[in-house]
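Novice: First the structure, then my questions, so here it is.
The values are calculated or read from the model by the stated rules, or taken from the named source; none is laboratory data. What you see is a predicted model, and the numbers here were worked out from it, not measured in a lab. FYI the Cβ positions are ideal-geometry reconstructions off the backbone, even for glycines, and counts take in every protein chain you see. When the accessible area is computed, the model is the full protein with side chains, heavy atoms only, and any ligands, DNA or RNA have been set aside. Shrake-Rupley method; radii C 1.70, N 1.55, O 1.52, S 1.80 Å.
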Amino acid sequence: MSRQKIVAGNWKMNTTLSEALFLVDGILSKMNTTNEVTKIIIPPFPYLISISNKIGETEHISLGAQNCHTDESGAFTGEISASMLASVGCSYVLVGHSERRCYFNETNEELIKKIKSALDNNLKPIFCIGETLEQRQYHTHFTVISHQLSEVLKSFTDAEFSNIVIAYEPVWAIGTGETATSNQAQEMHAFIRKEIAQLYSQSIAQETTILYGGSCNAQNAQELFSCEDVDGGLIGGASLKADDFCKIAASF
Ligand code: PEP
């Protein structure tokens, strides 16, 4: 079964405009755009239009946003809606990144609305899940992941779910330099696929792209991506260097 392979670079709150454009130029000049891996650039909001114009119609490179609001429009000062993101060329949006769950107290109810709004605007949500170090140490990580999936995904039809990408990002591995071993990643990705089969169906689960995120870099990507149920990566720190991001995207 060939699932869509994805490598997505989440720049978080990094780069100035000139640094962002320099980074995109580097990625565009070094990236292998002939392979079938979808590369997604996820910069800060203010740079989306400029980067969208640079990417243009380049094959296998897409634009994503780091967040969206639950509503379409209205009196929500400082917020950005999914329809706005679509109008500037985004095709993907992160939903439920652990930094947003933790620092901005995002709830499952909000995540459901954000995913709905993204789907209504033809954006593919990259739905992030992951356990904390404490949860893993107390051996509750499978239960935590199971709840994170079922509480949110119960709200979507099969057709809607086919446009959702899952990113498994153990919180203890994000930005820490401590990567999950390939055994830990494969074990959890297989579990996630099994849970999706229960929530939807076996065939839908087999088609779902499940990304690994958490200190994935140019040195460890190949081993992680060689796992049967790992379909690519959501990359933070290492996506801020064009060379590294391009090497990771070539690690299949
Ligand atoms: C992330 O924040 O999505 C992430 C995976 O970060 P890092 O690669 O820096 O651990």
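Novice: So for the pair Glu151, Thr132, with labels modelled 7 Å out along Cα→Cβ, what separation do we get in nm?
Specialist: Roughly 1.3 nm, to one decimal.
Novice: What value, in deg cm²/dmol to 500, does the helix sum -39500 (n - 2.57) over DSSP H runs of n ≥ 4 give at 222 nm once divided by the residues of the chain? Intermediate values should be presented prior to the final figure.
Specialist: Numbers: 12 runs with 106 residues, N = 252.
Mean residue ellipticity, 222 nm, calculated: -12000 deg cm²/dmol.
Novice: Further, regarding this structure: In terms of solvent-accessible area of protein heavy atoms at a 1.4 angstrom probe, what is the ranking of Trp172, Trp11, highest value first? Please report the intermediate quantities before stating the final value.
Specialist: Details: Trp172 25, Trp11 5 Å².
From most exposed to least exposed: Trp172, Trp11.
Novice: If you count only protein heavy atoms with a 1.4 Å probe, what accessible area per residue comes out for segment 6-249, rounded to a whole Å²? Intermediate results must be reported in sequence, preceding the final value.
Specialist: Values: 10880 Å² over 244 residues.
Averaged over the residues of segment 6-249, the accessible area is 45 Å².
Novice: Now, a different point. For the pair Asn53 and Gln219, how long in nm is the line joining their label points, each one 7 Å along Cα→Cβ?
Specialist: Result: 4.0 nm between the two label points.
Novice: Using the alpha-carbon centroid of each, what span in Å lies between segment 158-184 and segment 16-92?
Specialist: A separation of 20 Å, based on Cα centres.
Novice: Shape call for the chain from the C-alpha gyration tensor, a ≥ b ≥ c root eigenvalues: rounded (a/c under 1.5), prolate (a/b greater than b/c) or oblate?
Specialist: rounded
Novice: Rounded to the nearest 0.05, what FRET efficiency is calculated for Asn35 and Tyr103 with R0 set to 35 Å and r the Cβ-Cβ distance?
Specialist: 0.50
Novice: Still on this structure, I have one more. So how much slack lies between Gln202 and Val88, counting 0.36 nm per residue of separation and subtracting their Cα-Cα distance, in nm?
Specialist: Gain on stretching Gln202 to Val88: 37.5 nm.
Novice: Continuing with this model, one more query. Just by accessible area at a 1.4 angstrom probe, what is the order of His139, His97 from largest to smallest?
Specialist: His139, His97
Novice: How many lysine pairs does the chain hold where the Cα atoms are under 18 Å apart and the two sit 8 or more places apart or on different chains?
Specialist: Pairs that pass both the separation and distance tests number 22.
Novice: Rank these by accessible area, largest first, 1.4 Å probe: Phe161, Phe45, Phe22, Phe191.
Specialist: Phe22, Phe45, Phe191, Phe161
Novice: Can you tell me how much longer the chain between Lys194 and Val144 gets when fully stretched, taken as 0.36 nm per residue apart minus their C-alpha distance, in nm with one decimal?
Specialist: Gain on extension, Lys194 to Val144, equals 16.5 nm.
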